[in-house]
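This report concerns only the one structure given below.
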Amino acid sequence: MQPPKSYILDMDGVLVSGRTMIPGANGFIKRLEKRSARYLVLTNNPIYTPGDLAHRLHTIGLDIPADRIFTSARATARFLKRQRPNGTAFVVGESGLTTAIHDAGYVITDTNPDYVVLGETLSYTMELITKAMRLVADGARFIATNPDPTGPSEAGITPACGAMAALIEKATGVSPFFVGKPNPLMMRTALNYLDVHSEDTVMVGDRMDTDIIAGVESGMETILVLTGVTRREMVDRFPYVPTKIVESVADIKP
């Protein structure tokens with residue numbers, strides 16, 4: 001018997017919608033664990049730490065340990081540490097991002113920082129965005145955690161990091177380097193973390209423009225679920241297709 005495929009799972013729109021578990025998501029995780037399949041929840045959401053996310057998921061019925069959650073904030077911090085150890089950064093984001101950057105040995109400052117790091121926050125302010133814009137214009141390197149222009153919530157889509165990055169780029173003429181999906185850097189990090197090969201791994205996501213293209217470009221089988229951003233009629237707009245389309249993660253049989 002062949003070993004089971006490994007799974008890399010997006011979180012928002014796949015396992016949860018806002019603060020609500022998508023029906024059947026807990027059953028899917030249990031099926032993965034029953035088969036001893038390796039899996040990693042890979043999220044572009046940099047707001048929370050893996051520990052915070054594990055707790056939040058537990059409260060809605062999803063028991064996923066923190067070491068099975070990898071965020072764009074952690075990927076961004078690792079990237080910065082490799083590029084410029086013990087550097088400085090002005091950070092727009094919540095504790096998930098600031099904690100990761102501190103843990104990477106960085107000092108967070110608004111005085112001549114090496115980098116401006118744009119993440120996501122529950123309350124973007126024009127004061128923060130304006131300060132970030134001025135620092136980038138003055139020569140700080142521009143890094144953003146993820147390119148998602150919007151994200152799903154219980155009330156509908158909300159603006160995300162990509163939308164704010166576009167504002168700063170338009171004002172300064174400086175393009176950000178996005179670390180999160182679909183950057184192959186994030187996918188290689190996830191595959192290395194799981195110690196698996198792309199040919200034996202399935203990417204499950206709700207967005208054609210981040211999750212599915214990340215899987216396709218990394219040589220993985222891909223499954224699009226229709227519980228998040230991408231609707232079935234939108235798929236034909238893209239020059240690549242998922243391996244499979246299902247209504248929900250509950251329909252996936254690992």
Legend entry - Test set (1) in the same structural domain as Asp206 (by TED's automatic domain parsing); (2) farther than 30 Å from Pro254 by Cα; (3) not aliphatic (A, V, I, L, M) - Pro23 fails condition number: (2)
Inset, instruction - Tell me, please, whether a residue that is part of a strand (DSSP E or B), surrounded by fewer than 23 Cβ atoms within 10 Å (Cβ to Cβ) and among the acidic types (Asp, Glu) can be found in region 209-221. - result: yes
Inset, instruction - Residue by residue through region 219-242, note down the ones that are free of Cβ contacts under 8 Å to residues at least 40 places away in the same chain, hydroxyl-bearing (Ser, Thr, Tyr) and under 18 Å from Met11 (Cβ atoms). - result: Thr222, Thr230
Legend entry - Exclusive hit being basic (Lys, Arg), outside the structural domain of Asp12 (by TED's automatic domain parsing) and either in contact with a Cys (Cβ under 8 Å, 6 or more places away or on another chain) or over 30 Å from Pro3 (Cα atoms) (or both), set Arg68, Arg78: Arg78
Inset, instruction - Would you mind stating whether Thr189 is under 16 Å from the mean Cα position of the chain (by Cα), part of a helix (DSSP H, G or I) and surrounded by 23 or more Cβ atoms within 10 Å (Cβ to Cβ)? - result: no
Inset, instruction - Only residues that are within 21 Å of Ser218 (Cβ to Cβ), of a type outside the set (A, V, I, L, M, F, W, C) and not in a loop (DSSP other than H, G, I, E, B): list them for region 162-184, please. - result: Gly162, Pro184
Inset, instruction - Kindly indicate whether Ile245 is free of Cβ contacts under 8 Å to residues at least 40 places away in the same chain, of a type outside the set (S, T, N, Q), assigned by TED's automatic domain parsing to the domain that holds Pro23 and part of a helix (DSSP H, G or I). - result: no
Inset, instruction - Check whether at least one residue in region 121-142 is under 12 Å from the mean Cα position of the chain (by Cα) and either surrounded by 16 or more Cβ atoms within 10 Å (Cβ to Cβ) or in a loop (DSSP other than H, G, I, E, B) (or both), and report yes or no. - result: no
Inset, instruction - Could you please let me know if Leu15 is buried (at least 23 other Cβ atoms within 10 Å of the Cβ), of a type outside the set (Phe, Trp, Tyr), more than 21 Å from Ala165 (Cβ to Cβ) and without any contact (Cβ under 8 Å) to a residue 60 or more places away in the chain? - result: no
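The values are calculated or read from the model by the stated rules, or taken from the named source; none is laboratory data. These numbers come from a predicted model, not from an experiment. Neighbour counts run over all protein chains shown; Cβ positions are idealised from the backbone, glycine included.
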